[in-house]
Every structure is written in structure tokens, then in C-alpha cells.
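The values are calculated or read from the model by the stated rules, or taken from the named source; none is laboratory data. Everything numeric here is computed off the predicted structure, so don't read it as measured data. When we count neighbours, we look across all protein chains shown, and the Cβ atoms used for this are built from the backbone with ideal geometry, even at glycine.
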Amino acid sequence: MHNNMSHFSLKSLFGAVFLFFAFSFGLKAQDGAKLFKQNCAVCHAVTDQKLTGPGLAGIFDRAPKGDWLKNWILNNEKLIKSGDAYANKIYNENGKAAMTVFEGQLTDKDVDAILAYVKNPPADNAAAAGAPAPGAEVEKEEVKGGIDPLYLLLGAIAVLAIIIGSLRSVRHSLQNSYNRKEGKEETEELSFFDEVKQWITGNRRLVGVFVIIIVFGGMKSCWDACYDLGVYYDWETQKGYKPEQPIKFSHKLHAGDNEIACQYCHNSVEKSRHAGIPSVNICMNCHKGIQKGPQYGEKEIAKIYEASGFDPKTGNYTNPQNPIKWIKVHTLPDHVYFNHKQHVVVGKQECATCHGDLKKMTVAEQKTPLTMKWCIECHRKTEVAMEGNAYYDRMHKALKEKYKGQYDVKFTVDKIGGLECAKCHY
Amino acid sequence: MNLSYKNLKLITCGTVAVMLVAGFTSCGKKDANSPGFEFMPDMYRSPSVEYYGTHIVNGDTVNSAKLPVQGSIARGYVPYVYPNTPEGYEQAGLYLKNPLAYSESLEKEGEVLYGKFCIHCHGANGGGDGKVGAKLPGPPPAYDGPLKNLPEGKIFHSITYGKNSMGSHASQLTQEERWKLVYFVQKLQGPKTVVSDSVKVNAATEPKKL
């Protein structure tokens, strides 16, 4: 142990010496922007945005003149202890959060470079980090084109009805004038229904065919419609329920482009029956700092602040809170038991198996039918991940015993009771 | 073609009928904002309060997404004595030690957790170069840089309460998971260059053991 320690400290001594040289040569070439980003940007913005520390816009007008800023940056503790009035004032104003002492890490020249940078920050940097990246693709909303064919059909029927009505009276008056000429009796105009009745009795075959097609077609469409009962999914177009959410949250941006793991927000997926809808404090873990989005700017992120009571000007949670009313997309009826933990931890299923590739979805959409047929199909074909899965050790042994001598047996979910009614309905 | 007038009439009539049926059934286009028609809602929605929804209980509208009752303690929860203050941070750095005995499998579990909860800001190697970290006003400092000598207690304290731009991750990670993460973060830190943490708080301020 002791030997090890001395070995390490020798190594680290070399390391430190090397680092020292590397830094002392490197730093000269670096500019204030880089130094600021490395040392200050974690807590301070060059704008008036308050992060952990106050925003630095207008700092040269606020702070005492002379070397005060430099002294503060190098050793704020010393300045506070010396009883400096302004130092104590901002220390108390910012919740007595201690700032790092940079004496020994930064030289006077470094501090000058940083201060020069803070005095004249580049314009694009001041526009906050979340400004749209060049070439950021703007998703186009699907344009709903054309008129609903149902209305077209109804319109055509209405037009035809008007034509038929006018032609009927024209025909009747022509018939009567012909009758008068021939010296026959004038007929009275029949009512519409009487005429239809007369026509039906004259064309029984025609009407029969018409009725048969309508009845059977109607039955077929009713049968098809039954498949859609309680299923928020279109089997033909493979498009599902895609409600507009109270905040235009994009899974593509968060899970896709920024590579945030699904479990970061839906963190109960491995611990509970429910994957969980993240509470707003999880949004705030990142959005306390990121106040501007690439697509909607501050508009949508402001809704998180409204929900959490966060005041971006002061950086404190002082406003009233209003919970976000997210709309649940993937819903199973109440008579079905489904357990996320069981499927994700024990069954080792990917999120995308049931939820589709959310990393590509701007608006969350139901991509699978979530019907019982669909569940059972999957249980029939999915092999249980038994190897190296301690949960199944006993089961694996028993199944090996049962199917002894048969080589091609696949241990799918239905083999271990995955089709039992009471598994999901009880 | 030997089509009589009557046959022609018949065919036309049939075509019209088929078109009528097809027209009416194909118009059932789904509205993306509508969950569709629900058959027998009493089987879909039980009177019990679901985990995320609005319910009417005794005439009052109740949102079931609620904070736990004040003072409730989760199963397995161990009280954390260090307060969320600069002093608490220093104290945690001095006195708080990892209660889990080190093993490689724990570190591996920590690595898995790191991939889910930390990597997008802190980066795969803890250099503060994650995709989200780059969008923050200031990227997180590197573990093998400014944070190289950060003691385990301070790492745990920071995950629990958050630090600077980072928020509290106590709601996402249990205490045990946080300690597993500490092991993996220590691996990313590499060997320490300073053996003991600078003593800023004197021993008299050590918090009372519960």
C-alpha cells in the first residue's frame, strides 16, 4: 500500500510538472473566450441571465472601479473576509454560494483576458447557447390537402337530387302538353314517393341487386369498423393516435439528436409497472441552463418555467406552480395488466419494440396497435432471454428437463405461460 | 356487344351502389388528435384512481399526479444529514464515505447508470463533452480535470442536491444507485493527485450521527 502510494505520488509529481509546463505554454496562446468557457461559464453568463452566479452584463458599471474585479476573481474569500462592503453584499445576494478561488489557477494576465472578453462578448455568443444551429432542419407540418371525399359524395348527391327534381316537373309538363295535343286526358302530377314506388315495381331485378350490394357492403364495413373499436391505430396506414401535447416536446430532438437515454426521463421504467411521465424537476435539470430551443425559441421552454414556478430572471423557484397536463398516448384498457419492469428488466425488451422509434418522432405517436392479438403474436415468436438471466435459472432447468432430447425447441414466451389468461387479466 | 338496355341499367345501378358503399367506408379517416371510439368504457376505465389522470372523488376534482404526503419516507430510504449549503458540501466531502464495499460488478452497474443518467452532459469519458453539455451555458468540468480530486462525499452530495447548472438527481436515482455511480465517476477521475481533501471545515462541525 505504502509502496503503491509513493509510486503514485512520484508519477503524479511528474504529471503535475508536465501539466504545469503544458499549461504555462498553452495558456499564452489561449484567449479570453476559451478561458471564460473553461473557468467561468459553468456559473456565469455574459448576458444578464442568472445561472448559479449572477449574469455579467453591465458588471463594469455595477462593480467598484479599480482592481476590485480582479481581486474578487482571484480570491473572493479574502475579499469577503476583509470586510469589503460590495463583496459582502453580492455574497449575501447570491445565497452565500461560494465562488471558486482562482488564485494559483489563473494569472493576472488570464484575468485581464477574461475581463476583456466579458466587456465585449461576441454578439452571437450573447444570443444564448440554444440559438438554432446552421442547417437545423425545420420540420414541415403535413399539409392536409383536398376536401374530404365524403363531402364530395354528399355534394354530388345533392346536385343530382336538384336536377332530378327539376327534370321531373319538366317531364310532367311536357307529357301534359303532348297529351293535350293528342286530345288525351291530362294526368295529375304524382308525388315523389308514388313515382318511386311505381319505378320500383317496374324494376324489381334492378332494385334487388342494388339492395344486396348495399346490405353486404354495409355489413363488411361494419365488420371492419369493429377492428377499430377501442384501438387508436389505423391498420392500413399504420398510423396511430398522435395527440397534440400541451408543450411541443420533441422526442427526436431530446432522445435522437441529443442522445438522452429514454430512462433519464422515464426513470421508473426499470423499477415500476409504469414507465412514468417525468415530473417537471427532471425537465429543469437541463432547462435551468438551456433557455432557448432550436425550433420554438423561448416560447415552449417558458411553459416549463410556468409549470415549475421558475423565474429565469432570478434563477429561483418563486412563481406559482401549474402542473403540465400531458396527454397519455399509449393506453391499455383497465382490465389489462401490463408491467414495464417485467418486460424491460427481465424480458430485456427494447423500448422501440412497442413504442416505435421515438428517436425519429417529433410528436409522439402510437406506432403499434396494442391489441391483444398483437400481444399474443409477440409472445408466440419472442424467445425468452434465459441465458445469463438469473431470473429464469429455475425455469430454464425445468424446461431443459421437459424437452430433453429435442433440439429445435425454442423457448418462446408462450412456452412459459405467456398465453395464460390470468397473466394479464385478473 | 350484345348488351340490352335492361342489362346496361343493371350494371350501372350496381356500379353506383358499390361506389356508394366504398365512398362511405373510405371516409372514416382518423383524426390524429382523437383517441377513436371506445367500446364499453366501463371496462376500460375502472372507478379506481389511476396513476396519471384527473378523477372526481367525493365531488372534488383530484389530479392523481401528486407529491407524496409531506414527511413520507420511501422504503429503503436512509436520511441524508448534510444540508444543501456550501457548509454541507464541505462536510460531505470530509466525512461522507461510500457505504458499499467496492467490487468490479458495482462499478459496472455504475457504468450502466452513467450511460443513462450522466453521459449526455458529462460525456462518455467524463470530459464534460456530452451533446447536452455543449448546449449548456457552460459545459460541466472534466472529471480528470478540475474535478480530479473531488472526494466521494462531494460527488454524492452533488448528485443528491445538484451543483451549479446541474439539478438534483435524487428523484431519479436511489441512494444505492448514486453510490454505484460514485465508483464509476472515481474510475473516470483516475488516480488522485492529492491524497486528502483540503481541510476547510474543522472537526467540530462534524454532523451528529443518527
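When the stretch A:262-277 is filtered for residues that are surrounded by 18 or more Cβ atoms within 10 Å (Cβ to Cβ), within 9 Å of chain B (Cβ to nearest Cβ) and of a type outside the set (S, T, N, Q), the ones remaining, listed by number, are A:Cys262, A:Tyr264, A:Cys265, A:Gly276. The residue of the stretch B:132-151 that is surrounded by the fewest Cβ atoms within 10 Å (Cβ to Cβ), among those that are of a type outside the set (Gly, Ala, Ser) and at the interface with chain A (Cβ under 8 Å from one of its Cβ atoms), is B:Pro141. On the stretch given as the stretch A:186-195, residues that are surrounded by 12 or more Cβ atoms within 10 Å (Cβ to Cβ) and modelled with pLDDT of 80 or more total 1.
Just to be sure before I move on: is A:Ile290 in a loop (DSSP other than H, G, I, E, B) and within 14 Å of chain B (Cβ to nearest Cβ) in the structure I sent? Here the answer is yes, as A:Ile290 does meet what is asked. Scanning the stretch B:50-63 for residues that are more than 7 Å from every other protein chain (Cβ to nearest Cβ), surrounded by 11 or more Cβ atoms within 10 Å (Cβ to Cβ), in a loop (DSSP other than H, G, I, E, B) and not small (Gly, Ala, Ser) gives a single hit, B:Glu50. A Cβ distance below 7 Å, combined with a sequence gap of six or more or placement on separate chains, defines the contacts here; from the stretch A:327-343, residues that are within 21 Å of A:Lys242 (Cα to Cα) reach residues that are of a type in the set (A, V, I, L, M) and not in a helix (DSSP H, G or I) in the pairs A:Val329/A:Ala364; A:His330/A:Leu370; A:Leu332/A:Leu370. Just so you know, in the stretch B:96-131 the residues that are within 12 Å of chain A (Cβ to nearest Cβ) and aromatic (Phe, Trp, Tyr) include one that is surrounded by the fewest Cβ atoms within 10 Å (Cβ to Cβ), and it is B:Tyr114. A:Ser169 meets the conditions (1) surrounded by 11 or more Cβ atoms within 10 Å (Cβ to Cβ); (2) touching an Asp or Glu at 6+ places or on another chain (Cβ under 8 Å) in every case but one. The failed one is (1). Take A:Val329 and decide whether it is touching a Phe, Trp or Tyr at 6+ places or on another chain (Cβ under 7 Å) and either in a loop (DSSP other than H, G, I, E, B) or under 27 Å from B:Met166 (Cβ atoms) (or both). It is true that A:Val329 is touching a Phe, Trp or Tyr at 6+ places or on another chain (Cβ under 7 Å) and either in a loop (DSSP other than H, G, I, E, B) or under 27 Å from B:Met166 (Cβ atoms) (or both). Answer with yes or no whether A:Ile164 is modelled with pLDDT of 85 or more, exposed (fewer than 12 other Cβ atoms within 10 Å of the Cβ), closer than 26 Å to B:Tyr5 by Cα and not charged (D, E, K, R). Criteria met by A:Ile164. Of all the listed residues (A:Trp235, A:Trp223), the sole one being more than 30 Å from A:His340 (Cβ to Cβ), of a type in the set (Phe, Trp, Tyr) and not assigned by TED's automatic domain parsing to the domain that holds A:Ala97 is A:Trp223. Between A:Leu79, A:Leu69, A:Leu56, the distinction of being out of contact with any Cys (no Cβ under 6 Å at 6 or more places or on another chain), in contact (Cβ under 8 Å) with a residue 24 or more places away in the chain and in a helix (DSSP H, G or I) belongs to A:Leu69 only.
Being in contact with a Pro (Cβ under 9 Å, 6 or more places away or on another chain) and closer than 19 Å to A:Ala261 by Cβ: is that true of B:Gly167 here? Judged against the criteria, B:Gly167 is not a match.
Could you say which residue among A:Leu154, A:Leu115, A:Leu150 is at pLDDT 80 or above, within 30 Å of A:Glu244 (Cβ to Cβ) and surrounded by 11 or more Cβ atoms within 10 Å (Cβ to Cβ)? Selected residue: A:Leu154, the only one of A:Leu154, A:Leu115, A:Leu150 that is at pLDDT 80 or above, within 30 Å of A:Glu244 (Cβ to Cβ) and surrounded by 11 or more Cβ atoms within 10 Å (Cβ to Cβ).
Only one residue in B:Leu94, B:Leu113, B:Leu106, B:Leu100 is aliphatic (A, V, I, L, M) and farther than 30 Å from A:Val345 by Cα, so which one is that? Unique residue meeting the criteria: B:Leu94. Across the stretch A:344-384, the number of residues qualifying as in contact (Cβ under 8 Å) with a residue 40 or more places away in the chain, among the β-branched types (Val, Ile, Thr) and surrounded by fewer than 18 Cβ atoms within 10 Å (Cβ to Cβ) comes to 7. Taking the stretch A:180-221, which residues are assigned to a loop (DSSP other than H, G, I, E, B) and within 11 Å of chain B (Cβ to nearest Cβ)? Result: A:Asn203, single match. Of all residues in the stretch A:222-260, those satisfying the criterion of being loosely packed, with under 12 Cβ neighbours inside 10 Å and in a helix (DSSP H, G or I) are A:Cys222, A:Trp223, A:Cys226.
One residue stands out among those in the stretch A:243-274 that are of a type in the set (Asp, Glu) and touching a Lys or Arg at 6+ places or on another chain (Cβ under 8 Å): the one that is farthest from A:Ala364 (Cα to Cα), which is A:Glu270. For A:Tyr403, the test of being aromatic (Phe, Trp, Tyr) and in contact (Cβ under 8 Å) with a residue 40 or more places away in the chain is failed. Of the residues making up the stretch A:288-343, those that are touching a Lys or Arg at 6+ places or on another chain (Cβ under 6 Å), over 30 Å from A:Ala385 (Cβ atoms) and surrounded by 15 or more Cβ atoms within 10 Å (Cβ to Cβ) are A:Ile290, A:Glu300, A:Gly315. Applying the set (1) assigned to a loop (DSSP other than H, G, I, E, B); (2) at pLDDT 75 or above to B:Gly28 leaves exactly one unmet item: (2). For the stretch A:387-396, the criterion of being of a type in the set (D, E, K, R), assigned to a helix (DSSP H, G or I) and at pLDDT below 90 is met by at least one residue.
Determine, yes or no, whether B:Glu90 is surrounded by 14 or more Cβ atoms within 10 Å (Cβ to Cβ), farther than 24 Å from A:Asn267 by Cβ and of a type in the set (Asp, Glu). Here the answer is yes, as B:Glu90 does meet what is asked. Restricting attention to the stretch A:245-264, the residues being closer than 22 Å to B:Ala124 by Cβ and either of a type in the set (D, E, K, R) or in contact with a Gly (Cβ under 8 Å, 6 or more places away or on another chain) (or both) number 5.
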